[in-house]
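The values are calculated or read from the model by the stated rules, or taken from the named source; none is laboratory data. Not measured: the values here are computed from a predicted model. Cβ placement follows ideal geometry from the backbone for every residue including glycine, while neighbour counts extend to all protein chains displayed.
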Amino acid sequence: MDNRLAAFEKGHETFQIVKFKKNEERFKKLIEEGQDPKALFIGCSDSRVMPAMITGSRPGDLFIVRNIGNFVAPFNPDADYHATASAIEYATSILEVSDIIVCGHSHCGAIEALYKEIEQTPENIHTIKWLDLGQEAKKVAMLAYKHESKEKMLRYTEKISVVYQIDNLLTYPGIKRRVEEGTLFLHAWYYDMESGDIEYYDDDTYEFKPLCEK
Ligand SMILES: [Zn+2]
């Protein structure tokens, strides 16, 4: 066997010796009692965004869905396969999480792709369709930031897109019902890869504010 994955093999060995041993009791408890995660975390697939690391969460804490751009497709009960929607339903209806975090991030390739002319081919057809879910954010950003630099517009698009994804979450009947009942809470977060800071969206002031000062 070649050694392209040698670093992962070594990493797994260390995991077994150190971290698995350290958390063995917790893993056992999570198997016996089943999972009861605190929150559903919807994040970008970007390899530089690591939900467990940036939230300091332990096994069993977060039910995680990751996709390109941390997008949420609106409720659409058709005959297609909807991976993100099914994970959302499972987390909210079966596991009954109390919180959903949609976390965007800086330097997001999906958001940057919204501003590029990409020719559709059989090799990117699903990606181009998926990027439709960022178009509303792009439209608003282009109006609000038309005289600003490209970087500022991208950062704004990344942030405002998270707020649109929260709107899309509310199109799911089970989510709308639980939010209205006061048993489910939705959070828009934004992770800045340069500083390592997370900001949250304050829907009273329509601003992103530092999570650490909350
Ligand atoms: Zn991203």
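Ser93 meets the stated requirement of being hydroxyl-bearing (Ser, Thr, Tyr), part of a helix (DSSP H, G or I) and either out of contact with any Cys (no Cβ under 8 Å at 6 or more places or on another chain) or more than 16 Å from the ligand (Cβ to nearest atom) (or both). Restricting Ala39, Ala6, Ala52, Ala87 to residues that are small (Gly, Ala, Ser) and buried (at least 18 other Cβ atoms within 10 Å of the Cβ) narrows the list to Ala39. All of Ile64, Ile88 fail the test of being of a type in the set (A, V, I, L, M), touching a strand residue (DSSP E or B) at 6+ places or on another chain (Cβ under 9 Å) and within 16 Å of the ligand (Cβ to nearest atom), apart from Ile64.
Report whether or not Glu112 is more than 16 Å from the ligand (Cβ to nearest atom) and among the charged types (D, E, K, R). The answer is no for Glu112.
Scanning segment 94-136 for residues that are loosely packed, with under 11 Cβ neighbours inside 10 Å and β-branched (Val, Ile, Thr) turns up Ile94, Thr121, Ile125. Looking across Leu133, Leu169, one residue alone is within 16 Å of the ligand (Cβ to nearest atom), under 15 Å from the mean Cα position of the chain (by Cα) and aliphatic (A, V, I, L, M). It is Leu133. If you check Val97, Val102, Val72 for being more than 18 Å from Val163 (Cβ to Cβ) and of a type in the set (A, V, I, L, M), only one passes: Val97. Against the conditions (1) crowded, with 17+ Cβ neighbours inside 10 Å; (2) within 16 Å of the ligand (Cβ to nearest atom), Ser45 satisfies every one except (1). Out of curiosity, is Arg26 outside any helix (DSSP H, G or I), more than 16 Å from the ligand (Cβ to nearest atom) and at negative phi? For Arg26, the condition - outside any helix (DSSP H, G or I), more than 16 Å from the ligand (Cβ to nearest atom) and at negative phi - is not met. Residue by residue through segment 179-209, note down the ones that are surrounded by fewer than 11 Cβ atoms within 10 Å (Cβ to Cβ) and either of a type outside the set (Phe, Trp, Tyr) or at negative phi (or both). Hits for segment 179-209 are Glu180, Glu181, Gly182, Glu194, Ser195, Gly196, Asp204, Thr205. Would you say Ser106 is in contact (Cβ under 8 Å) with a residue 12 or more places away in the chain, among the polar types (S, T, N, Q) and within 16 Å of the ligand (Cβ to nearest atom)? Yes: the conditions hold for Ser106. Ile101 passes every criterion in (1) farther than 18 Å from Pro51 by Cα; (2) within 16 Å of the ligand (Cβ to nearest atom) apart from (1).
The single condition among (1) within 30 Å of Ile111 (Cβ to Cβ); (2) within 20 Å of the chain's Cα centre (by Cα); (3) more than 16 Å from the ligand (Cβ to nearest atom) that Asp36 does not meet is (1).
Just to be sure before I move on: is Thr127 within 13 Å of the ligand (Cβ to nearest atom), of a type in the set (Val, Ile, Thr) and modelled with pLDDT of 95 or more in the structure I sent? Criteria met by Thr127. Taken over segment 29-67, the criterion of being of a type outside the set (A, V, I, L, M, F, W, C), part of a helix (DSSP H, G or I) and over 21 Å from Leu184 (Cα atoms) is satisfied by Lys29, Glu32, Glu33.
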